[in-house]
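Here the structure comes first, spelled out in structure tokens, and everything after it is commentary.
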Amino acid sequence: MSPDDVVVRIAPSPTGSPHVGTAYIALFNLALRRKQGGRFILRIEDTDRSRSTKESEEQIYDAMEWLGIGFDESPRIGGPAGPYRQSERSETYRKFADDLVARGKAYLCFCTEKRIEELRVLQKKQELPIGYDGLCKSLSRAEIEANLEAGRPYVIRLLVDHESETVCHDFFRKRIAISNMQVDDQVLIKSDGFPTYHLANVVDDHLMGVTHVIRAEEWISSLPKHVILYGAFGWEPPVFAHMPLLRNKDKSKISKRKNPTSLVWFRDAGYLPEAMVNFLSLMGYSPPPRESCPEGNPEIFGFDEMVRDFDLSRVKTSGPIFDLEKLDNFNGVYIRKMTDEECVGRLLGFYAYLEAERGRLTAEIESELPAAAEMRTLDERRRALTRSTLEFIRKHRPSRERLVQMMGVLKERMKNFLEFADVAGFFFEDALSYDPGLLVPKKTNPADAAKVLRLAADRIESVGEFSLAKVEDGVRSLPDETGWKGRALFMAIRVAVTGSDVSPPLFESMEILGREKTVLRLRGAAGFLDGIAARSI
Ligand code: GLU
């Protein structure tokens, strides 16, 4: 190890779907590790046995892999400080807790849950700080022996000197002093024999040689307990750097009730990992100014670039905004940066993946759907994306060439992947449904519109070679022949062919659809209008 080497880690708990916050924190840890050299550890903190699942652990690996976040040590890779899953380290924690008890730094507490609960109620009523009152601190050795003999369940608590204060250091916030009156005699070992987060976290960070704990701000309230624990063990604490929490535009903490927070969700909704990484890298961070930025946007940079200039002291602790619109824009930027070939490669991979994950995906999306009304449109678009991509791959099994061709046409127009799904859905539908309000231009009527669409169909049927130029030639003379304004005419045709008044370029779309499908749609729309005309007589 060189003197600059750092040992950093993320320590997610495998409960539920992996959170964007985990990726955000992981990126800052990785940036420091790559900039300075050293090791990056993935430790699975699964001490909460009732909430931890294997599935969630798997999802953490998948999500990190998707984002290109690699580790030097993990439960999968192994390493010198393993095992890296806390459920496999119980004996270690027990040993360290017993050692604290033996040295008078921690004590056994036999209070029942009922007593703890009564205490809490009383403290609340008297507006006192909530916490253990230290009753078992004064148990004599004989009393302890008798309780153990009787098989009474107990926890091990940290002995906090409530008279003094604890001075903590945070890399960003510098010195934080806190009166120990506010620090509870924290439980270290629960009555089931498992360690609490606090004990396991501190023991592991020490044993794994962690030099920098870069984690989310929500853990700052645990910092005094951790610092006291380091002191009790006689260990040097690592550098702590608490990253600002991600916030909604209204400054509230992001939560899955308000917006999607699951990395699985973002992956399945078609976000590109590099867009996500870039977006998350900007949370609380601004890279030093660069001489030139290729995209003309100083915020667009790859992770390698982030690492090159990385400086932890550039993090600002005011809450960064997790702005989904910005993420959508970033996604668009990265899509447009790709060559058509690359884009197709990605799409194929994505479709194949979606197909495979279909059952799970539906449930996942349903459960992650945000409730807030203002999200609904965006959500519908995302659902449309999933639906149309699945339909697409299933029905059409398109050739690579075909996709490349489509992509060339579409990429110009699409702002991002999501929009691609919206506008391209029509390529994959066999039957379109029509909004008569769009199909019949103002100052015309359904019967007339039906006639014009049939005329267009005839024309397209009769052009010799079905190419963009020929189709365009064939249709261009129609305004003169029908007396319709060009705008109205092309709008009716666009709606008939694509089902929508917003679509990629019309003639290119027809070319991709092919003659047969184009004609079928024009006639289909005309038939639909016949029905309306008949009813209105
Ligand atoms: N297990 C904690 C979590 O789920 C780890 C917090 C820490 O990094 O200390 O985030």
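The values are calculated or read from the model by the stated rules, or taken from the named source; none is laboratory data. In this text, all values refer to a predicted model and were calculated from it rather than measured experimentally. Here the Cβ is made from the backbone with ideal geometry for all residues, glycine too, and neighbour counts use every protein chain on show.
When region 312-330 is limited to residues that are in contact (Cβ under 8 Å) with a residue 24 or more places away in the chain and of a type in the set (Asp, Glu), the one that is farthest from Ser255 (Cα to Cα) turns out to be Asp328. In summary, Cys293 fulfils each of the numbered conditions (1) within 18 Å of the chain's Cα centre (by Cα); (2) at pLDDT below 75; (3) surrounded by 13 or more Cβ atoms within 10 Å (Cβ to Cβ) with the single exception of condition (1). Do you know which residues across region 29-57 are within 15 Å of the ligand (Cβ to nearest atom), charged (D, E, K, R), closer than 23 Å to Ser255 by Cβ and out of contact with any strand residue (DSSP E or B) (no Cβ under 7 Å at 6 or more places or on another chain)? Glu45, Asp48, Arg51 - these are the residues of region 29-57 that are within 15 Å of the ligand (Cβ to nearest atom), charged (D, E, K, R), closer than 23 Å to Ser255 by Cβ and out of contact with any strand residue (DSSP E or B) (no Cβ under 7 Å at 6 or more places or on another chain). Number of residues in region 13-59 that are more than 19 Å from Val239 (Cα to Cα) and of a type outside the set (Ser, Thr, Tyr) equals 18.
Return yes or no: is Ser179 without any contact (Cβ under 8 Å) to a residue 60 or more places away in the chain, more than 16 Å from the ligand (Cβ to nearest atom) and within 29 Å of Ser52 (Cα to Cα)? In short, no.
Of all residues in region 197-220, those that are under 18 Å from Ile44 (Cβ atoms) have Cβ atoms under 6 Å from Cβ atoms of residues that are of a type in the set (S, T, N, Q) and more than 8 Å from the ligand (Cβ to nearest atom), 6 or more apart or on another chain, in His198/Gln186; Ala200/Thr47; Ala200/Gln86; Ile214/Asn29. Scoring Asp99 on the criteria (1) over 24 Å from Arg267 (Cα atoms); (2) out of contact with any Ser or Thr (no Cβ under 9 Å at 6 or more places or on another chain); (3) within 13 Å of the ligand (Cβ to nearest atom) leaves a single failure, condition (3).
In the condition set (1) away from the ligand (no atom under 16 Å from the Cβ); (2) buried (at least 16 other Cβ atoms within 10 Å of the Cβ), Cys168 is compliant with all but (1). Considering only region 146-163, I want to know if a residue exists there that is over 13 Å from Leu229 (Cβ atoms), among the polar types (S, T, N, Q), away from the ligand (no atom under 16 Å from the Cβ) and not in a loop (DSSP other than H, G, I, E, B). Taking every residue of region 146-163 in turn, at least one turns out to be over 13 Å from Leu229 (Cβ atoms), among the polar types (S, T, N, Q), away from the ligand (no atom under 16 Å from the Cβ) and not in a loop (DSSP other than H, G, I, E, B). Every residue in region 203-236 that is near the ligand (Cβ under 9 Å from one of its atoms) and assigned to a helix (DSSP H, G or I), please. Of everything in region 203-236, those that are near the ligand (Cβ under 9 Å from one of its atoms) and assigned to a helix (DSSP H, G or I) turn out to be Asp205, Glu218, Trp219, Ser222, His226. Restricting attention to region 139-166, the residues being free of Cβ contacts under 8 Å to residues at least 60 places away in the same chain and β-branched (Val, Ile, Thr) number 3.
Restricting attention to region 58-76 and to residues that are in a helix (DSSP H, G or I) and away from the ligand (no atom under 12 Å from the Cβ), the residue that is nearest to the chain's Cα centre (by Cα) turns out to be Ala63.
Yes/no matrix, rows are residues, columns are (1) farther than 25 Å from Thr15 by Cβ; (2) in a helix (DSSP H, G or I); (3) among the small types (Gly, Ala, Ser):
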site	(1), (2), (3)
Gly82	no, no, yes
Lys95	yes, yes, no
Leu108	yes, no, no
Ile130	no, no, no
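Yes/no per residue for (1) free of Cβ contacts under 8 Å to residues at least 24 places away in the same chain; (2) under 30 Å from Met338 (Cα atoms); (3) touching a Leu at 6+ places or on another chain (Cβ under 6 Å):
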| residue | (1), (2), (3) |
| --- | --- |
| Gly234 | yes, no, no |
| Ala269 | no, yes, no |
| Phe279 | no, yes, yes |
| Gly284 | no, yes, no |
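A quick yes/no check of all residues on (1) within 18 Å of Ser433 (Cα to Cα); (2) touching a helix residue (DSSP H, G or I) at 6+ places or on another chain (Cβ under 6 Å); (3) at pLDDT below 95:
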{"residue": "Arg459", "(1), (2), (3)": "no, yes, yes"}
{"residue": "Gly464", "(1), (2), (3)": "no, no, yes"}
{"residue": "Leu468", "(1), (2), (3)": "no, yes, yes"}
{"residue": "Gly499", "(1), (2), (3)": "yes, yes, yes"}
{"residue": "Leu513", "(1), (2), (3)": "yes, no, yes"}
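Residue count for region 237-251, restricted to those that are part of a loop (DSSP other than H, G, I, E, B) and crowded, with 17+ Cβ neighbours inside 10 Å: 6. In region 197-221, which residue that is among the polar types (S, T, N, Q) and modelled with pLDDT of 95 or more is farthest from His19 (Cα to Cα)? The residue in question is Thr211. Candidates in region 187-202 are the residues that are within 17 Å of Leu159 (Cα to Cα) and surrounded by 24 or more Cβ atoms within 10 Å (Cβ to Cβ); of these, the one that is farthest from the ligand (Cβ to nearest atom) is Ile189.
Of the residues Ser477, Ser462, the single one that is in contact with a Gly (Cβ under 8 Å, 6 or more places away or on another chain) and either among the hydrophobic types (A, V, I, L, M, F, W, C) or more than 17 Å from Phe426 (Cβ to Cβ) (or both) is Ser462. Pairing each residue of region 1-28 that is more than 19 Å from Asn278 (Cβ to Cβ) and more than 9 Å from the ligand (Cβ to nearest atom) with any residue that is aliphatic (A, V, I, L, M) and assigned to a loop (DSSP other than H, G, I, E, B), provided the two are 6+ apart or on different chains, yields C-beta distances under 8 Å for Val7/Met208; Val7/Val210; Val8/Val210. Do you know which of the residues in region 296-333 that are of a type in the set (S, T, N, Q) and more than 19 Å from the chain's Cα centre (by Cα) is surrounded by the fewest Cβ atoms within 10 Å (Cβ to Cβ)? The residue in question is Ser313.
Would you call Leu280 within 17 Å of the chain's Cα centre (by Cα), part of a loop (DSSP other than H, G, I, E, B) and hydrophobic (A, V, I, L, M, F, W, C)? Lay out the reasoning, then the answer.
On the way: within 17 Å of the chain's Cα centre (by Cα): yes; part of a loop (DSSP other than H, G, I, E, B): no; hydrophobic (A, V, I, L, M, F, W, C): yes.
No: the conditions fail for Leu280.
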